[in-house]
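The values are calculated or read from the model by the stated rules, or taken from the named source; none is laboratory data. Remember, it's a predicted structure, so these values are computed and weren't measured experimentally. Cβ sites come from the backbone with ideal geometry, for glycine too, and all protein chains shown count toward neighbours.
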Amino acid sequence: MQSHGLGFVRQPDPAVLYDGCVAETSAQAATPEGLDRETLVVAGVVLLGAVMSILDTTVVNVAIDHLAVAFHSSLTTIQWVITGYTLALAAVIPSTGWAADRFGTKRIYMTSLVLFTLGSVLSGLAWSAESLIVFRVLQGVGGGMIMPAVMTIMTKKAGPHRMGRVMGVLGVPMLIAPIMGPILGGWLVDSASWRWIFFINVPIGIVAFVLALIVLDRDESQPAHRLDWLGMLLLSPGLAVFIFGLAESSTYGFGSLRSWGPTLLGVVLIAAWFVHSWRSPNPLIDLRTFAHTRAGAAAGTFLLFAISVFGSMLLVPLYYQAVRNASALQAGLLMAPGGLGAMLLMPLAGRLTDRYGPTWLPATGLPLVAIALIPFVFVGPHTSYVLLCSASFVQGLGMGLAMMPNMTAAMQAVPAAAIARTSTAMNIIRQAGASIGTAVLSVILASAITSNLGTIIRSHAGGSGSGGIGTLQRLPASAHAAIARPLANAFGSTFTWALVMILVALIPAVGMAISGWRRPVTAPVGGRPVVVE
């Protein structure tokens, strides 16, 4: 089996292609192998880097107010500590597939660890808000390459017939890190210093680098496909300026040129990339494979899922902090049931994917996510913690069932030659969806809060430019009690949008499940029965 970009190329002996789909021997499909010890060791090594990079997308969230105070900066400026990291992640992913082919996945993975760890050291040593933002961008460049490289290494090591279980393993950091990030960040900020939210990456990065050097297979020389430079120059900046515009709208509103200008430019660049990719014979991502297979339904489901789920992951700790006066650590702990639910079902989802196929699992998991959002839609200032934690647990169950099987459904639906670029596309969708969800739901929440409580915010901000959630948390107890109900209503109305997006995501998910029920189809090939997925 040959590694290619961010996925794998199946050898023709155990698998053949039918109508652009992968067909495997029925015996293999019926009795998928577990992950052997060697594969599990490799998984443990590469997941160190994956957990570290994804954890850093959320661990900083709870420290934003502390950073604003430490650098005497407004929240408008200091929020770029998060946004700059996110933009770097989104911008670097499109070129990672080509780089993995050109230089080898082990080299790319180890290089990404070096960049991420160096960025962590410099971020911990930052002397100003501006220097911290620059160093976070460097961190994001390394972090953006880690997860795609990890997916390539694992799919190459485990093989196509164990793809579901591999995705189950790789999905753990994607779902657990956003839950554990606020807990770890809150503990470090409260017990030590904000600098330790960056310094803690250093020993992990060093250990991950040394283990990767020892354990990972040596890179083999491979001819790389020609890089679609025009596609990359359209897509990477397009994603970056689009997310930049959305982030600016949380401060200046959608009506400001600083918001809609970059957003519109990003839309134009992304639209131009769509046109170019459709016409190009060798595009960065072949959109025709999405149009002609169920990968298109999987991509649509995944985008809406990422916007809703990762956006709501921002809202939940903010609700606990702003409405219930919870500390950063307490808010993180209250989100832990979601991580527990995901941990319970994600390994099971991987085994079910390998045995029965992935197409029906997203349609099973998304309703659980929708049900879990309902208590948050009707949340109040005194809603039971037991109810909310139970809802988070159910949401984790739904995420565990839906997320990685959805990615597997896309990658199994396309021809073998397109798997690498499909994997690239799904990583872009995950990161862009998370960024868009965070930005859009932040704007909706800010608008709702300003509409109901604008006068109070302005009066207590004192013209410092740092109003908003942080200002509401610093209100006197008597004033906070008076605004708790309308503030909770603002959160509830924002959660409604997250629920709507999950319900819309159910449409392509159900369509994908229906198409999957018409498979497997047994057909003789070379005297052997095969199952068409």
Which listed residue is farther than 28 Å from LEU333 by Cβ, at pLDDT below 75 and of a type in the set (Ser, Thr, Tyr), from THR39, THR83: THR39
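Let's see how each residue does on (1) farther than 30 Å from GLY104 by Cα; (2) in a helix (DSSP H, G or I); (3) under 19 Å from the mean Cα position of the chain (by Cα); (4) at pLDDT 80 or above:
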residue	(1), (2), (3), (4)
PHE198	no, yes, no, yes
VAL207	no, yes, no, yes
ASP219	no, no, no, no
ALA240	no, yes, yes, no
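For (1) of a type in the set (S, T, N, Q); (2) in contact (Cβ under 8 Å) with a residue 40 or more places away in the chain, each residue gets a yes or a no:
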{"site": "SER191", "(1), (2)": "yes, no"}
{"site": "GLY205", "(1), (2)": "no, yes"}
{"site": "ALA240", "(1), (2)": "no, yes"}
{"site": "VAL267", "(1), (2)": "no, no"}
{"site": "PRO283", "(1), (2)": "no, yes"}
One residue from TYR356, TYR319 being farther than 30 Å from LEU235 by Cβ, assigned by TED's automatic domain parsing to the domain that holds THR408 and either among the polar types (S, T, N, Q) or at pLDDT 85 or above (or both): TYR319
Residue count, the range 343-401 (criterion: in contact with a Lys or Arg (Cβ under 9 Å, 6 or more places away or on another chain) and among the charged types (D, E, K, R)): 2
Residue satisfying all of: in the range 498-533; at pLDDT below 50 and assigned to a loop (DSSP other than H, G, I, E, B); surrounded by the most Cβ atoms within 10 Å (Cβ to Cβ) among these: GLU533
Filter result for GLY300 (surrounded by fewer than 24 Cβ atoms within 10 Å (Cβ to Cβ), part of a helix (DSSP H, G or I) and in contact (Cβ under 8 Å) with a residue 40 or more places away in the chain): yes
Residue satisfying all of: in the range 340-362; buried (at least 24 other Cβ atoms within 10 Å of the Cβ) and of a type in the set (Gly, Ala, Ser); farthest from PRO508 (Cα to Cα) among these: GLY341
Residue in the range 329-339 that is within 11 Å of ALA402 (Cβ to Cβ) and in a helix (DSSP H, G or I) present: no
Total residues in the range 115-149, condition surrounded by fewer than 24 Cβ atoms within 10 Å (Cβ to Cβ) and in a helix (DSSP H, G or I): 15
Exclusive hit being in contact with a helix residue (DSSP H, G or I) (Cβ under 8 Å, 6 or more places away or on another chain), β-branched (Val, Ile, Thr) and assigned by TED's automatic domain parsing to the domain that holds THR450, set ILE270, ILE285, ILE243: ILE285
